[in-house]
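The values are calculated or read from the model by the stated rules, or taken from the named source; none is laboratory data. Source: prediction; values computed, not measured. Because the Cβ atoms are built from the backbone with ideal geometry, glycine has one as well, and the counts that use them run over all protein chains shown. In case anyone asks, the SASA skips ligands and DNA or RNA and just uses the protein heavy atoms, side chains included. Shrake-Rupley method; radii C 1.70, N 1.55, O 1.52, S 1.80 Å.
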Amino acid sequence: MGNKLTRKLEMKMQIVGEQIKLARLRRNLSIEQIADRATCSPLTVYRIEKGVPTVAIGIYLRVLNALQLEDDILLLAKEDKLGKALQDLSLKNRKRASKKINY
């Protein structure tokens, strides 16, 4: 796969960028204002809003913070349906709890 994102992931990045852009516009803030508050360049904010995948996640956090949406990052991977299903499958195979003692 290399450094190239799949088309599906590219689309998701574009959706995230559009959501960030809409949040900025709802607050009636310019790209320059968000860049100033996030201590990054206006070009970087523009790239986030376009869904360019090379922007570091730390800068996304600063932009979300500038929009007062920093807690939204906690929603990433919150619902791990596959992981929970796999965990449930392994629990069904066990006959009893482990003998580990947790203090």
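Below is a table of values for the structure above.
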quantity: Amide H contacts under 5 Å for R27, placed H, 5+ residues apart; calculated: none
quantity: Carbon and sulfur %, accessible surface of segment 34-93 computed with the full protein complex present, 1.4 Å; calculated: 58
quantity: In Hz, Karplus ³J(HN,Hα) per residue of segment 43-54 (6.51, -1.76, 1.60; θ = phi - 60°; x = Gly, Pro); calculated: 4, 5, 4, 4, 5, 4, 5, 8, x, 5, x, 8
quantity: Per-residue [θ]222 nm for the chain (sum of -39500 (n - 2.57) over DSSP H runs n ≥ 4, rounded to 500); calculated: -18000 deg cm²/dmol
quantity: Three-way shape call for segment 31-88 based on the alpha-carbon gyration tensor, with the a/c threshold at 1.5; calculated: prolate
quantity: Relative contact order %, segment 1-70, counting alpha carbon pairs below 8 Å whose residues are six or more apart; calculated: 35
quantity: Cα-Cα over 24 Å, subset of K4/K50; K78/K100; K8/K50; K8/K81; K8/K78; calculated: K78/K100
quantity: Cα gyration tensor shape of the chain, rounded if a/c is under 1.5, else prolate or oblate by comparing a/b with b/c; calculated: prolate
quantity: Cβ crowding within 10 Å averaged over residues, with 75-87, 32-44 ranked highest first; calculated: 32-44, 75-87
